[in-house]
Structure formats: C-alpha cells, structure tokens
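One structure is given below, encoded as structure tokens.
The values are calculated or read from the model by the stated rules, or taken from the named source; none is laboratory data. Given the structure is predicted, the values throughout are model-derived calculations rather than measurements. Cβ sites come from the backbone with ideal geometry, for glycine too, and all protein chains shown count toward neighbours. Ligands, DNA and RNA are stripped out before the accessible areas are found, and what is left, the full protein with its side chains, is counted by its heavy atoms. Shrake-Rupley method; radii C 1.70, N 1.55, O 1.52, S 1.80 Å.
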Amino acid sequence: MAQREPMSETQARGVRYARELEGHLTWLDTFSGTALGVLAVASGIYTYLGVSSLLDDNGAMSAFAAIAYSVAVSVGIFVFWSYLLRLFPAVRTTRARMGLLGAMGLGSVAIIAMSSWLNAAALAGSAAVEQHLAETVQDYQGALERTHEIALSAQGLERDVARVRQSFEDLSEQEAAGSLSGLAGRGAVFRVLRQKSAELGALEAQIATQTPLVNDAFAEGNQILSRMRALTVEPGPVQARSVEFSEQAVRLAGLITRLRQLSVAPLVERAAQDLAASVVLPELDGSNEKQRGAQGATITSVLEVLAQRAATLERAAQDVQAMPPAADTTYTPISSADAVILYARNFVPSWAGAIAIDLLPAVLVLILSITQGAIRSGREGAAVEDTLTLAELRAALAAVRDVDVAMQESPAHKRAPAEAPPTHEAPDEPAPGPVTSIKST
C-alpha cells in the first residue's frame, strides 16, 4: 500500500484556520435565527403602526387587517433572509452567485415597497404631517401678503385720483378768476371743470372707504395664520390638529378671496374710461359771439386735458391689475405615510433606520459568504482525512465498529465454513485483526 505524503506547513495552517472559522460559525449559528426573528418582528410592529395610520376605520376588522399584513411582512422577511443565509454562502459558481444576488436585490426592493416606507411612516409620520402643515402655512402666508400688497397698490390709486381732482379744482378756480376763458365767474367752463372734479371726488371717497376693509381683512388673516402656526406645534395627535387646521385654512382662503375683491383697480380703470367719454357740455352763456367762442375753445382745451389725465389714471389702474396675483393655495389633508414620501428629503435618518431594520440581514449574508469562502480556501489542497477533527474521527471509528458487528451477525456470515484452514502463528505474537480503511465523504 502506497504511503500518503504528509501535509505541508501551509496546508496545515490553512486547515487550522478553516477549523477556527467553522467553530465561530457554529457558535454564531446558535442565535442567528433568533436575531433574524427579532428583526422581522420589530419590522412587523412598525409596519403595523404604519398600516394603522392609513386605515380610516378603527374597528375590529381594520385592526385585524393591519395585524395580518404586519404578520405577513414579518414572516416574509424571516423566510427570505433565512433562504439567503443558508443558500448564498453554499453556492460556488459565479453564475449561481449572480442569480442569488439578483434575487436578493429583487427581494430587497419588494421589502422596501411593502414594509420600509410604512416603517418610516411609523417613525416620522407625525413629524412629516407637521412639516406638511408648516409648508401649507408658508404658502398661505405668501398668498395673503401678496394679495394685501396688490390691494394696497390699488389703494395707492387714491393719490392719483386726488391729484387729478385737485388739478380740475385749480382750473375751476382759475376760470372763476377769469384766467382761462377770459370771462370771470362761474360760467360754462367752470361748470364742466366742477362736474369732473365732483366725479373724481366721489371716486376718491369710495376708494377711501375700502382702506379700513383692507386693513381689517389683513389683520384677520394674520390672526388665522397665527392659529394655524400654533396647530403645527401643539402637543397631541396630529390627525386631530389637522381637522382644525383644515377649518382655519378654509377661512383663510375665503378671506384672501375677499381681499382680492377689495382691490379698487378695476373700479378706477372704469371711472377713468368714463371720465373723458361722459361729459355733459353746458350751454355756452357768453353775452356775445366772441365770448361764446372763447368759452367753446376753452372747453375743448379742457376736454383734451381731461382725456390726457383720464389716460394717465387708466394706465395706473392697469399697471396695478397687471401685477402677478398670488398663487392659488389649497390645503390638502395628507396621511403620515404619504407625508413621509412627500418630504423624504427632510427625514433621511428615519428612512435610513426603516430600511436598515429590513435589509440588515443582507450584511450577514455577505459576511457568511466571505467566511465560507475563506474556509474553502483554507482546506484547499488538503486530503479529506487530514481535515477530520478528533470528534469526527471518533464518530467514524464508531461507525466502522457498528458495520463490523452488523456484518458478523448477517446470515451470509453465519453460513461460512465453521473451520478455517489452520494458520501457523508465533505463540508470542497476537493474531492480526481485520484492517479496515477509513474513508470520509
């Protein structure tokens, strides 16, 4: 029988290294399943909280549905990672590893879709809804301030109207003194100037009455905004606060609409158009043809000036109306799960924790794969019998003895010749026993 060459020092170190790693894996395997189960149950609990926030009904059926979904998620996560923890480290070919990597990627995406976003909703759902409320308050504040700015610009047209009115009053005083037509007194020219001055005075008074309304509406809007800001940070369930927030948002939206309607720019534009178009010409009251001609010429000049002032006033009103209005703002109630997705960039730590609790076993899979690869590398080149531990050798010897006993008790062995041919052995040397080669698979 040929004698086997002994292992080299490098092979011996590799075998010892592989045995050491196997010992560690044996110890780690005692609690790996429990740890994986704890992670799956924890994910299921947070999934239950996330699902509960999505269900409107709080009855027994909704609770049962949320529990069923969370249990299914926990079982799915446990089974999925158990498969990979066992199979991925065991495969050796590149094709098999790539296939399992693809399966792990697909399963991870499925876990994020069915569990991680709900876990994030449970971790940061209330904060995300509060973020949504705060963003809505800012939108409403911008809309209120912009609408108030446009309304104030329209109120500023009061000064333009007053300036035009004052100019016609000054012209009427000049006419009364005889500086325009050359006829002192309150004749036809004076009455035309006073007529337009009165129209502008009425428009100025109407604009002035809008000022307190604009100020009151803006003050009321700020009060509503203050209450809405308080609702975003008050203690208590955010869903209950969202109901009152929605009511305040409706009030504020109506107030912004009313503030838009208080703008006098359209009124000033129409008044400016009528200012030059609707002139009631009085009868010329000059005593002779020359005086009446002078009055007519003065009235024509007054009408030209009137058209110019009306055009200026109309352009000023159109400029106010051309100002970009505030963007329409509408508060839309949102669930905690949707809020977490909408404002995901603000809750990166919560998303990271929610995903990590589901995908952490992927790291264990990679660790096991690297360790199993190191074990195989350490045993490479060593014979099978050299890799047997003392416990494995004892088990193999016990198995050989059991086989010998079974063979001796078999019927074929009992039918063998009762007498064997005599053998000549030295009396001092014991008869050699049967030699059985030990093979391990």
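Carbon and sulfur: what percent of segment 192-255's accessible surface (1.4 Å probe)?
60
Can you work out D for segment 61-173 in µm² s⁻¹ from Stokes-Einstein, where Rh is the Kirkwood radius over C-alpha pairs, the temperature is 20 °C and the viscosity is 1.002 mPa s?
D = 103 µm²/s.
Order 261-273, 104-116 from most to least packed using the mean count of other Cβ atoms within 10 Å.
Averaged packing, sorted descending, gives the order 261-273, 104-116.
Count charges around ALA317 for me, please; just the other residues with Cβ under 11 Å from its Cβ, Lys/Arg as +1, Asp/Glu as -1.
Once all neighbours under 11 Å are counted, the net charge is -2.
Just report the Cα centroid separation between segment 189-228 and segment 325-356, whole Å.
42
Between beta-carbons, use under 11 Å as the cut-off and find the net charge around ALA90, counting Lys and Arg +1, Asp and Glu -1.
Counting the neighbours of ALA90, the net charge comes to +4.
Largest first, please: the extent of the C-alpha atoms of segment 188-275 along each principal axis, to the nearest Å.
Principal extents (Cα only, largest first): 75, 18, 11 Å.
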